[in-house]
Structures are given as C-alpha cells and as structure tokens.
1. Suppose we filter Asp58, Asp93 for residues that are modelled with pLDDT of 95 or more, closer than 21 Å to Thr124 by Cβ, over 13 Å from the mean Cα position of the chain (by Cα) and surrounded by 20 or more Cβ atoms within 10 Å (Cβ to Cβ); which single one remains?
2. Take the stretch 9-34 and flag every residue that is touching a residue at least 60 places away in the same chain (Cβ under 8 Å) and surrounded by 16 or more Cβ atoms within 10 Å (Cβ to Cβ).
3. Just checking, which of Phe104, Phe80 is touching a Leu at 6+ places or on another chain (Cβ under 8 Å) and more than 14 Å from Ala169 (Cβ to Cβ)?
4. Suppose we keep only residues that are out of contact with any helix residue (DSSP H, G or I) (no Cβ under 8 Å at 6 or more places or on another chain) and not hydroxyl-bearing (Ser, Thr, Tyr) within the stretch 21-37. Which one would you say is farthest from Glu159 (Cα to Cα)?
5. Does Gly121 satisfy the condition of being of a type in the set (Gly, Ala, Ser), at pLDDT 95 or above and in contact with a helix residue (DSSP H, G or I) (Cβ under 9 Å, 6 or more places away or on another chain)?
6. Based on this model, can you work out whether Ile142 counts as farther than 17 Å from Gln65 by Cβ, of a type outside the set (Lys, Arg) and assigned to a helix (DSSP H, G or I)?
7. Output the number of residues of the stretch 106-142 satisfying the condition of being over 20 Å from Leu11 (Cα atoms) and polar (S, T, N, Q).
8. Would you confirm, using the coordinates I've provided, whether Pro136 is of a type outside the set (Ser, Thr, Tyr), modelled with pLDDT under 95, surrounded by fewer than 21 Cβ atoms within 10 Å (Cβ to Cβ) and more than 16 Å from the chain's Cα centre (by Cα)?
Amino acid sequence: MTVDIISTNRLLLRSTCDSDFGTLYDIAFSDPEVMCHAFEGKPLSKKESTDFFTNSFDHDGNGKQIGVLVLKNADIPIGFAGLWACSVLGKLDYEIGFVLGQEFWGKGYATEIGLAQIDYGLDTIGCNRLLALVSPKNIPSISVLHNIGMVYHATAETEKRGIKEIYIAQRHT
C-alpha cells in the first residue's frame, strides 16, 4: 500500500510499490538523456538502479526520501522527486529534486513539484532551508530552480556527483 506525500493539481508524490521499479528503470534510470544531468551523470545499470531504488526511495511513507511522481488522474509514474538527505554544505540538510521521463519534459511538471517540495520541506517538515544540486549544463532545471524562487549559493565538486551548482530556498521569518 502506498502513502501519499505531496499532492498538487496534476501530480502526486507517493511512496513506492513493487511495480514502480520497472517503469522507473525504463523511463529514467536507464535513459542516457534523462540521467546525463542527474546524480553521477550517466544511466544506471540494473543493479545500480535496484540498489538506489531499495536504499534511497520512500518505501514506508516517511516523507524524507525520494518518492514516485505520478500523474494524479491516472496513477502513471512519470519520474521521481522528493526530499533527500544532503550534507554538501557541511551539515545535514534536505535536497529537493525532480527527474522526469523524457515524454514528460516541457509540461510544467518540474515547476509544479518543485514548488510543492519547497512548501512541504519548509512548512510541513520544518526545515530552515532546502538545497537543490544541479549540473551547470542543465539549463532547463536551473531555469525551474529560478522560477520556484531558489537562489544560487555556490558551486561545489562533490565526490560522487561531480561539479554541481547549489541553490537554496530558506524559510522566511
């Protein structure tokens, strides 16, 4: 049974179910164009995908791991998003993100789930700030981050993910 984490007009971010892995592998993990800007910048093998899905995805609805992003009216997985523990700035923060299958690009879904993740992280979870790490070459995602109100903070070279620009959204007091 899945647990709903974030709901928007068109999208639902939810915990996983067993049938999600195959779809996510097909539309995201194994697609070179999708994964060229995500994580390590390359598609994941079946084993890497399985390990990532098992260890990093929200299987119990805790809301502090990556979830499956689905079209609300059809429960069709279109990618993944959600909070992810991140210590790139030297303390524990949560990173937001979104990885969509190619056929779902350019429809405003990243902006929609990005805004919802900021609201969820700052208001529901109570984080003081949220991070987003993005490849400097990923112009569409950088544009989304600007559109959702995130601000460039720094560029850092991460051990596993290479050079990433770091954007921040902070709680307004």
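1. It is Asp93.
2. Leu11, Leu12, Leu13, Ile27, Ala28, Asp31, Val34
3. Phe80
4. Result: Gly22.
5. Answer is no for this residue.
6. Criteria met by Ile142.
7. 3
8. It is true that Pro136 is of a type outside the set (Ser, Thr, Tyr), modelled with pLDDT under 95, surrounded by fewer than 21 Cβ atoms within 10 Å (Cβ to Cβ) and more than 16 Å from the chain's Cα centre (by Cα).
The values are calculated or read from the model by the stated rules, or taken from the named source; none is laboratory data. A quick note: this is a predicted structure, and the numbers were derived from the prediction, not measured. Virtual Cβ from ideal backbone geometry, glycine too; neighbours counted across all protein chains shown.
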